[in-house]
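Note sheet for the following structure.
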């Protein structure tokens, strides 16, 4: 399902920081649409946490992304942490 999603961003972030956040949210969408490599997601999540270090801001951005896309950041993070598969695909609820 191809859709236009407005990613939640903070306009005070640098271009590089915006790219890291957008890359993570792209992978969240891919986790539901086509499947992802959990290790690749964990690397992107680590880079995302460099930009968004607090849980409160992560939850806020995750909620905003969910409202735009219907995809849950938390569910992908949880699934990739417990996965030993090479490819992971989530089902949208």
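Coordinate-derived values only; no laboratory data. If you're wondering where the values come from, they're calculated on a predicted model, not measured in any experiment. Heads up, the Cβs are rebuilt from the backbone with ideal geometry, glycines too, and the neighbour counts pull from every protein chain shown.
The set of residues from segment 6-45 being surrounded by 15 or more Cβ atoms within 10 Å (Cβ to Cβ) and in a loop (DSSP other than H, G, I, E, B) comprises 7, 8, 9, 37. Number of residues in segment 51-63 that are in a helix (DSSP H, G or I) and in contact with a helix residue (DSSP H, G or I) (Cβ under 7 Å, 6 or more places away or on another chain) equals 2.
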